[in-house]
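Take a look at the structure set out below.
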Amino acid sequence: MRMKYFGFILLIWVPGGLHAQSDAEPCSAPKLNGGYFVPEHETYSHGTKLQYACNTGHKPAVEGWWATSTCHRGEWFHKPQCIDENACILPTIVNGKYEVPQEGWFKNGRRIFVTCDKRYELKDKAATAQCKNGTWSSLPICQKTRDTCSEPPKIPHAVVIRQQYQELFAADSQVEYRCEKGYTMEEAQRNPIICMGGNWTNGPNCTSRPVTGQGGSAEVGTPGSDTTSAGGGTQSGGSRPGTGQGGSADVGTRGRDTTSAGGGVGRGSSTTSDVRLTTTTIDNCVSEPVILHGEVVYRDEMQLKYACVSFYTLVGEATVVCYNDGNWSQFPTCKEAFCVMKPRAYTHGLTTHGPEYINEGHGKHIPCIWAYYSVVVHCANGVLSYTNCCSSYDHNRGLCPIIGTTS
């Protein structure tokens with residue numbers, strides 16, 4: 001029997017992985033009732049991929065007539081297992097879930113009860129399926145609810161704010177846009193779009209506009225200068241810490257500090273006039289601050305409060321106020337706070353077709369080529385960590401450790 005299948009049952013070694021993990025714990029030869037693998041050794045090195053097949057009347061507990069298991073730090077993933085050919089493997093229910101038995105497969109005659117994920121519903125209200133002689137009866141289908149909306153429309157030169165990306169949105173969900181720097185939308189379009197009856201209401205248009213500067217008046221001089229007058233003449237000097245933002249109404253300047261002596265432009269001889277900064281209403285400042293990757297989330301007549309869009313974090317004071325010299329307080333900035341999983345070979349069984357973005361401090365499941373198998377990636381301090389391809393059962397029980405990191 002074994003010689004008959006010798007041409008199909010392979011033991012695959014991965015030299016690169018074995019070299020990098022040469023110190024990792026090896027695996028003992030797995031016990032496989034009702035099946036076989038070749039060649040047979042007492043131990044297998046970390047990273048070894050073992051293919052096996054099952055005897056007549058049995059089949060692997062995963063899709064296909066042969067299967068692959070990988071040695072990872074002393075454990076096999078998945079565990080090699082041959083089951084009765086009339087039993088059923090775990091079915092794939094897209095956007096749905098069911099209770100998985102501990103053995104990882106279903107006996108002949110067993111039924112499953114499917115519940116759909118949020119914003120999905122059962123087609124024709126059919127929720128059950130039965131294992132019959134190794135195959136499943138008609139499996140339940142989870143479809144998008146009729147009043148649910150797909151992702152909001154992409155609008156040129158605009159980003160969605162205060163909303164994590166998701167594929168589906170519940171009825172009455174609201175999504176707000178902000179135009180990128182250098183573009184603006186009409187006041188009448190500044191309302192969020194709404195999911196109604198499975199469709200989004202009309203979105204805004206972002207049109208280009210001239211970029212205006214920030215700051216005070218240039219009627220008399222440059223804010224922050226320090227002018228001294230003696231004997232009727234004037235001479236300029238450097239600004240002084242703590243006084244460069246002062247203002248003197250007597251000469252009509254903003255952020256200016258004036259000292260006069262001996263009949264100069266000041267009101268008195270040998271006197272110094274320092275006007276301290278105080279906050280005032282925001283309409284006294286010109287050009288509302290535009291912060292890259294940030295937007296105003298709160299405003300009143302005395303202040304603006306900023307927040308950053310997804311994948312960015314705020315650096316500095318969130319609240320900005322207007323001073324009586326016509327200038328804003330220091331602006332915050334939005335710093336990148338995410339990791340990018342670029343398309344490349346991370347682990348066997350994972351195929352990425354484009355970059356995956358993960359928020360700082362968050363994790364994400366990325367599906368592998370096998371049903372119910374995935375890689376878990378996590379972003380912490382700008383470093384991306386990832387596991388091997390593991391089943392949901394193994395992930396939930398902490399049996400799928402981190403195998404690599406990338407920044």
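Nothing in this text is a laboratory measurement; each read-out follows from the coordinates by a stated rule. Small disclaimer: the values here were computed from a predicted structure and weren't measured. No Cβ is skipped: glycine too gets one built from the backbone with ideal geometry, and neighbour counts run over all protein chains shown.
Here ARG110 and ILE369 are evaluated by their C-beta separation; at R0 = 22 Å the FRET efficiency comes out at 0.25. Here VAL297 and HIS353 are evaluated by their C-beta separation; at R0 = 41 Å the FRET efficiency comes out at 0.75. Kirkwood-type hydrodynamic radius, segment 149-207: 11.7 Å, calculated from all non-identical alpha-carbon pairs.
Select from segment 54-88 those chymotrypsin sites (Phe, Trp or Tyr not before Pro) which occupy a DSSP coil region and have at most 12 other Cβ atoms within 10 Å, ordered by residue number. Hits after loop and neighbour filter: TRP65. Multiplying each eigenvalue of the alpha-carbon gyration tensor of segment 32-85 by 5 and taking the square root yields semi-axes of 20, 11, 8 Å, largest first, rounded to whole angstroms.
Once the piece of chain linking THR43 and SER137 is laid out straight, how much longer is it, given 0.36 nm per residue of separation minus the C-alpha distance between them?
This chain segment gains 29.8 nm when fully extended.
Determine the alpha carbon to alpha carbon distance for each of LYS154/LYS342; LYS59/LYS342; LYS118/LYS305; LYS31/LYS107; LYS97/LYS132 and list only those over 30 Å. Violating the 30 Å Cα-Cα cut-off are LYS59/LYS342; LYS118/LYS305. Note on segment 282-335: Cα-only Rg and Dmax are 10.9, 35 Å. The stretch between THR56 and SER407, if pulled fully straight at 0.36 nm per residue, gains 121.5 nm over its current Cα-Cα span. P(r) tail, segment 96-144: Cα-Cα pairs separated by more than 15 Å, 47% of all pairs.
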